[in-house]
1. Can you tell me which of B:122, B:186, B:129, B:143 is open to solvent by 60 Å² or more (accessible area, probe 1.4 Å) and closer than 21 Å to residue B:70 by Cβ?
2. Among the β-branched types (Val, Ile, Thr), more than 18 Å from residue B:15 (Cβ to Cβ) and in a helix (DSSP H, G or I) - does that describe any residue in the range B:242-255?
3. Looking at A:33, A:26, A:51, can you tell me which residue is open to solvent by 40 Å² or more (accessible area, probe 1.4 Å), within 13 Å of ligand 1 (Cβ to nearest atom) and away from chain B (no Cβ under 14 Å)?
4. Restricting to the range B:43-71, and then to whatever is touching a Lys or Arg at 6+ places or on another chain (Cβ under 8 Å) and open to solvent by 10 Å² or more (accessible area, probe 1.4 Å), can you tell me which residue is farthest from residue B:103 (Cα to Cα)?
5. For residue A:193, all conditions in the list (1) within 16 Å of ligand 2 (Cβ to nearest atom); (2) farther than 21 Å from residue A:41 by Cβ hold save one; what is the number of the exception?
6. What residue, among those in the range A:42-61 that are among the hydrophobic types (A, V, I, L, M, F, W, C) and closer than 24 Å to residue A:202 by Cα, is farthest from ligand 2 (Cβ to nearest atom)?
7. Can we say residue A:38 is more than 19 Å from residue A:184 (Cα to Cα) and at pLDDT 90 or above?
8. Would it be correct to say that residue B:19 is open to solvent by less than 40 Å² (accessible area, probe 1.4 Å), at pLDDT below 90 and more than 14 Å from every other protein chain (Cβ to nearest Cβ)?
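The values are calculated or read from the model by the stated rules, or taken from the named source; none is laboratory data. Computed from a prediction, not measured in an experiment: that's the story for all the values here. Note that each Cβ is placed from the backbone with ideal geometry, even for glycine, and that neighbours are counted across all protein chains shown. All accessible areas refer to the heavy atoms of the entire protein, side chains included, with ligands and DNA or RNA removed. Shrake-Rupley method; radii C 1.70, N 1.55, O 1.52, S 1.80 Å.
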Amino acid sequence: MTTRPAAVPSRNEPGNAAPLLELRDVGKDYGTVIALDGISATVRAGEVTCVLGDNGAGKSTLIKVLSGVHRADRGQVLLDGRPVAFGSPREALDAGIATVFQDLAMIPLMAIWRNFFLGAEPTKGRGPFRRFDSARAKDVTRRELAAMGIDIRDPDQPVGTLSGGERQSVAIARAVHFGARVLILDEPTSALGVKQAGVVLRYVAQARDRGVGVVLITHNPHHAYPVGDRFLVLNRGRSLGEFGKSDIDRDELTRLMAGGAELEALAHELERPAD
Amino acid sequence: MPGPLRRLLVKPELGALVGAVVVFAFFAVQSETFRSPRGIANWLDPASTLGIMAVAVALLMIGGHFDLSAGVMVGTTALTVGIVATELRQNLWVAIGVALLLALAIGFLNGWLVTRTGLPSFIITLATFLMLQGLNLGLTKLFTGTVTVGGIDDVPGYGAAEWVFASRVSVFGAEVRVAVLWWLLFTALATWVLLRTRFGNWVFATGGDDVAARNVGVPARRTTIALFMTTAAAAWFVGTTLAVRLTSVQANTGIGQELIYIVAAVIGGCLLTGGFGSAIGASLGALIFGMTQLGIPYLRWDADWFYFFLGAMLLLAVLANRLVRRYAEAARR
Ligand SMILES: Nc1ncnc2c1ncn2[C@@H]1O[C@H](COP(=O)(O)OP(=O)(O)OP(=O)(O)O)[C@@H](O)[C@H]1O
Ligand SMILES: [Mg+2]
């Protein structure tokens, strides 16, 4: 079932406005593995919600619930205050939720421009002559990538021949281009150098300033802290809490993410033996 | 590698084009009959019915699936046309319509089972193949008491059906069967759909990575089902052509052909793993098949050489395709 978005709510309305997206006590199992349990979080228009946690903490599972890949087994997902249960990624996309998946969801043997518009192909012509407007698709692809600082020699190049970072940039450019209201990024900076990571974080900030609600997943508190407005920390499928920026500082966030005491123990272990 | 050359190499049909030119030259140099208009019309005939199937099978393979029931379905539809027309005494066009509905239903069932269960299409359509093989024989015997359905030309509607499915057209002084024109039309149509429509984009994506395709909003299930139904519709077209052309149908028609369709598609550049290939390539594969099939007897060689030749072409094609895939996909992994 899809709930189509009503009018775009005004940004940052204090207090009473329902958040764009809200999770209430969400849980998700893979067979007997409890991947998520009791997760609550909010995504507001014009804000960045960061999801942090170690490998296997359940970050990707959480965004797959938001993007319609999985259904929550427990709890509720609310869009504009109304409960929704997306049956497919298509329904989430139609509701204005665009996602950059961790595996990027790109087809290696297909041309860049075909990947860029996959599932949302612009068409021209009518009736039986309706066809993929490839000229426009190539043009938009080149423009959007150039705006990200990626210089594509040939939009006909198969995506599989791009470098990891270039591929990630194409996936992000695609989501930003189609992301109407909510933009979800699963570790968008993992394959990027310092410069490209900066570009992506700037994109996140721009989307936020346009009133988009952003969900940013990352391992890296140094990327999360500067752009984030609220921080959800996961550990083995459970929430360690959702914090506003004023509630937590960067060091505290880092410590929490790494499981606090564990990190201290590690630091101790790694110290040179004092002989 | 310079850009234009690299781009050419990634064209799936390039290998088949080179192969077709070489095979044509090989036979044309040695046999005058082979290169005469009548000879050409002769080898275009087997290429055409095979080509219509190979194009549909290529679309399905690009979409990531096989249909082992495609060959026997040609028989099923031809027998249905014959039985409904002659045993149930219907107008031939009614029989042809019934056969189409039946084919679409079987195609839908194949696609639905594959997408629902997630089992390899290889095994699902193998089951369909065996069931249809049994039904073709069993029902034909039940209706006619023999293993043949005949007398299709005595049924009302035959004249018009013959014109559509089995007439001959004069081209450069040679009588070419109309199936050749249909084949060209279907190849052009399939190429346009693959490269110029949204559906074509979805076919490549579903075959390349169906999870990724679904995640960006491609209706991968519907695409797969549509492809199975397309293959079934092609089988219906070829089955009807055979029924009308031969006016009698054997109960074992089409069995064993399913692998030939796949061979033609693979020679045409389709990857066995899906996501890559072309309709023109599959047609060129069918053309190579037709030229070889008739070229060998023209040279008065033993017909046994035909399968050796076909196997060698297939081996060459998969080796070439492997290089293409490695280049296109793994270059920067
Ligand atoms: N499709 C699946 N089937 C079974 N178990 C799964 C599946 N996907 C994830 N899991 C399990 O669920 C848990 C959470 O996985 P998830 O991918 O959400 O972690 P993550 O926080 O995104 O990790 P990473 O930082 O490595 O990307 C892991 O234990 C994982 O093994
Ligand atoms: Mg993950």
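1. The unique qualifying residue is B:122.
2. yes
3. Residue meeting the stated conditions: A:33.
4. The extreme case among them is B:44.
5. The number of the failed condition is (1).
6. Filtering the range A:42-61 for residues that are among the hydrophobic types (A, V, I, L, M, F, W, C) and closer than 24 Å to residue A:202 by Cα, the one farthest from ligand 2 (Cβ to nearest atom) comes out as A:45.
7. yes
8. Criteria met by residue B:19.
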